[in-house]
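The values are calculated or read from the model by the stated rules, or taken from the named source; none is laboratory data. Everything numeric here is computed off the predicted structure, so don't read it as measured data. Cβ coordinates were reconstructed from backbone atoms using ideal geometry, including for glycine residues, and neighbour counts include every protein chain displayed.
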Amino acid sequence: MPVRRLTWLLALLLSAAPCLAAEGVLRYPRAPVGDEFRPAYPLAQLQLALDKVGSSLRIVPSQHHMEQQRALLSLEQGEAVDVVWTMTSLERERRLLPVRIPLDKGLYGWRIALLRADQPNLLQGVRTLNDLSRLRAGQGHDWPDTDILRGHGLRVEVSSSYESLFLMLEARRFDYFPRAVLEVEDELRHNRQRPLVADSHLALHYPTALYFFFSPHAPQLAETVRRGLELALADGSFERVFQQYHGADLRRVALEQRQIIELDNPLLPPQTPLQRRELWYRP
């Protein structure tokens with residue numbers, strides 16, 4: 001190959017290399033002010049995975065806070081972030097590269113409701129979907145949960161802002177705010193000034209998973225994290241981190257004592273590893 005052509009090809013390859021390799025960092029979406037607690041668990045598992053494979057990548061937040069949809073678009077385009085953790089869906093797995101190890105052990109599909117403090121027993125008599133359909137739920141406009149709930153005939157009010165959903169619940173714009181069992185206790189602790197409580201009677205359940213997602217242009221990065229997570233699963237350190245962050249909260253919500261309404265999830269990709277029983281929490 002002529003030297004001139006070889007030089008041109010080398011320059012092209014270097015220009016196409018991801019900035020991640022040059023900078024040595026792994027960027028995730030920065031949480032908004034006041035919500036810095038929310039990424040703590042996924043970041044702990046991400047750091048564990050990197051440690052297991054001896055990676056020197058540094059995990060850093062993006063320069064600016066991004067709502068979920070913007071973060072996913074940025075990831076797809078390979079711009080401001082290199083990893084996002086979110087609920088899976090057919091559409092998200094079509095656009096992005098998932099690592100199919102559920103960080104939440106499937107618990108993002110176990111939902112209990114935040115309620116106004118003056119209605120703590122609002123859901124006490126709810127036994128069926130028909131009972132629940134008389135009430136209005138609140139959800140993010142771009143959350144897969146919104147389509148799942150509406151697909152079962154439930155009434156859902158939406159917002160483009162996570163923070164505004166708490167305000168809407170207080171203002172009686174809707175009646176209940178279904179939250180993943182791994183979220184609800186932290187959200188109550190960090191919203192003590194709000195007149196909100198967690199329902200103690202009902203749980204909604206649909207199969208889903210919270211994954212790390214990567215750009216389709218970064219398969220090596222996705223494989224690095226996948227290998228690290230598999231090693232952490234094998235030696236028990238994944239479970240230890242999970243219990244450290246969520247064990248006490250799971251005991252408090254007492255799923256086994258609740259009325260459970262089972263829902264289908266038409267957005268669940270067929271590649272979801274439901275057959276790997278060790279990956280999923282079972283009450």
Exactly one condition in (1) within 24 Å of Arg189 (Cα to Cα); (2) without any contact (Cβ under 8 Å) to a residue 40 or more places away in the chain is false for His246; which is it? (2)
Could you identify the single residue in Val33, Val3 that is modelled with pLDDT under 95, exposed (fewer than 10 other Cβ atoms within 10 Å of the Cβ) and touching a strand residue (DSSP E or B) at 6+ places or on another chain (Cβ under 9 Å)? Val33
Residue pairs within 6 Å by beta carbon, gap of at least six or interchain, first lying in the stretch 160-177 and not assigned by TED's automatic domain parsing to the domain that holds Arg136, second part of a loop (DSSP other than H, G, I, E, B), listed first then second, are none
Just wondering, is there one or more residues in the stretch 143-150 that are in a loop (DSSP other than H, G, I, E, B) and surrounded by fewer than 18 Cβ atoms within 10 Å (Cβ to Cβ)? no
Can you find even one residue in the stretch 162-183 that is among the aromatic types (Phe, Trp, Tyr), in a loop (DSSP other than H, G, I, E, B) and surrounded by 15 or more Cβ atoms within 10 Å (Cβ to Cβ)? yes
Subset of the stretch 75-85, residues modelled with pLDDT of 95 or more and out of contact with any helix residue (DSSP H, G or I) (no Cβ under 6 Å at 6 or more places or on another chain), comes to Leu75, Val83
What tally of residues in the stretch 191-220 results from selecting those that are surrounded by fewer than 20 Cβ atoms within 10 Å (Cβ to Cβ) and in contact with a Gly (Cβ under 7 Å, 6 or more places away or on another chain)? 3
Name the single residue that is surrounded by the most Cβ atoms within 10 Å (Cβ to Cβ) among those in the stretch 115-141 being in contact (Cβ under 8 Å) with a residue 60 or more places away in the chain and in a strand (DSSP E or B). Leu115
Any chance the stretch 106-113 includes a residue that's within 22 Å of Glu67 (Cα to Cα) and without any contact (Cβ under 8 Å) to a residue 40 or more places away in the chain? no
Over the stretch 225-283, the set of residues under 12 Å from Gly109 (Cβ atoms), aliphatic (A, V, I, L, M) and surrounded by fewer than 17 Cβ atoms within 10 Å (Cβ to Cβ) is Ile260, Leu274
Working carefully through the options Asp131, Asp142, find the one that is closer than 21 Å to Thr88 by Cβ, among the acidic types (Asp, Glu) and assigned by TED's automatic domain parsing to the domain that holds Arg179. Asp142
Considering only residues that are in a loop (DSSP other than H, G, I, E, B) and closer than 23 Å to Met87 by Cβ, which ones fall in the stretch 213-259? Ser215, Pro216, His217, Ala218, Arg258
